[in-house]
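The values are calculated or read from the model by the stated rules, or taken from the named source; none is laboratory data. Keep in mind the model is a prediction, meaning the values are calculated, not measured. FYI the Cβ positions are ideal-geometry reconstructions off the backbone, even for glycines, and counts take in every protein chain you see. Note: accessible area is taken over every heavy atom of the protein model, side chains too, but ligands, DNA and RNA are not part of it. Shrake-Rupley method; radii C 1.70, N 1.55, O 1.52, S 1.80 Å.
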Amino acid sequence: SDVEESVPEESTEVSDNTSDESVRFPMGGVDTSEDIKPPIVEPNDGFVYYEYYYDPCSQKYERIALSREWQEYTYQMCLRYDVPYEVILALMGTETGWDVNIGVSDNGLYYGIGMVHIEYNEKYLKKYGIDLCTPTGGLEAVCFIMSQKLDTFGDMDKALIAYNKGDNGARKLFKKGIYSTRYSRRVQEIKDGMLQWYAVV
């Protein structure tokens, strides 16, 4: 079924406030006068710098507001956690419009470029050496969590729904035969739009 239903979140990892447009949250005490720089990484074979994606909503090419350096760091994290680079980029675009400086959401529940739920994840991630409440840690957390979702559910759309709804919320949808949501479709749209742009440049 392609019908989306409202499911109460019990153990969500990320915000469910996304729409067909990128969601932006007020900053939480992060200095945005200049971009915080990612760690310098070695060149990676297979890395692609995506400047634009084709957006079926606006029916035009939209800019990806993430620098080459941050995309290279994202690619490195994707290799580390064995998650698809384009999907992770698209997820972060859906969540925050690729804002590495976004900090804490206005309700204080979510952090970083992937809007990861602080209460459910901060202590857990620290066990793996990931400091959620830093720009680099917030990005790494996205890759780490998606890796776990893919291991658990074995399917990209299911993993995206679980990232957005939490495992319990996702399973409630799956029991109703719902395996596609507005959120999962939007991430896939942006991913496909990135590949479409890259194919024509």
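One table, with the values for the structure above:
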| read-out | value |
| --- | --- |
| Residues (more than 14 Å from the chain's Cα centre (by Cα) and in contact (Cβ under 8 Å) with a residue 40 or more places away in the chain) located in the stretch 109-130 | L109, Y120, N121 |
| Output for the stretch 104-154, where each listed residue is over 15 Å from D82 (Cβ atoms) and charged (D, E, K, R) | D106, E119, E122, K123, K126, K127, D131 |
| S58, sole failed condition from (1) crowded, with 19+ Cβ neighbours inside 10 Å; (2) over 19 Å from the mean Cα position of the chain (by Cα); (3) modelled with pLDDT of 50 or more | (1) |
| Selection count, the stretch 131-161, where residues are without any contact (Cβ under 8 Å) to a residue 24 or more places away in the chain, in a helix (DSSP H, G or I) and among the aliphatic types (A, V, I, L, M) | 2 |
| Condition check for D99: open to solvent by 60 Å² or more (accessible area, probe 1.4 Å), within 25 Å of W197 (Cβ to Cβ) and not hydrophobic (A, V, I, L, M, F, W, C) | no |
| Failed item in (1) closer than 23 Å to V200 by Cβ; (2) surrounded by fewer than 14 Cβ atoms within 10 Å (Cβ to Cβ); (3) not charged (D, E, K, R), with I36 passing the rest | (1) |
| Positions within the stretch 162-201 being open to solvent by less than 30 Å² (accessible area, probe 1.4 Å), of a type in the set (S, T, N, Q) and not in a loop (DSSP other than H, G, I, E, B), in sequence order | N164, S184 |
| Search result, residues across the stretch 133-160 that are hydroxyl-bearing (S, T, Y) and in contact with a helix residue (DSSP H, G or I) (Cβ under 8 Å, 6 or more places away or on another chain) | T136, S147, T152 |
| Of all residues making up the stretch 106-129, the number that are touching a Gly at 6+ places or on another chain (Cβ under 7 Å) and open to solvent by less than 10 Å² (accessible area, probe 1.4 Å) | 4 |
| Identity of the residue in the stretch 69-94, of a type outside the set (A, V, I, L, M) and closer than 19 Å to P56 by Cα, that ends up most open to solvent (accessible area, probe 1.4 Å) | E86 |
| Where M77 falls short, out of the listed (1) out of contact with any Asp or Glu (no Cβ under 8 Å at 6 or more places or on another chain); (2) within 19 Å of I130 (Cβ to Cβ) | (1) |
| Which numbered condition D106 fails, given (1) free of Cβ contacts under 8 Å to residues at least 60 places away in the same chain; (2) acidic (D, E); (3) under 21 Å from K165 (Cβ atoms) | (1) |
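Quick grid of which residues meet (1) small (G, A, S); (2) outside any helix (DSSP H, G or I); (3) closer than 17 Å to T136 by Cβ; (4) in contact with a Phe, Trp or Tyr (Cβ under 8 Å, 6 or more places away or on another chain):
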residue	(1), (2), (3), (4)
C57	no, yes, no, no
E69	no, no, yes, no
Y75	no, no, yes, yes
T94	no, no, no, yes
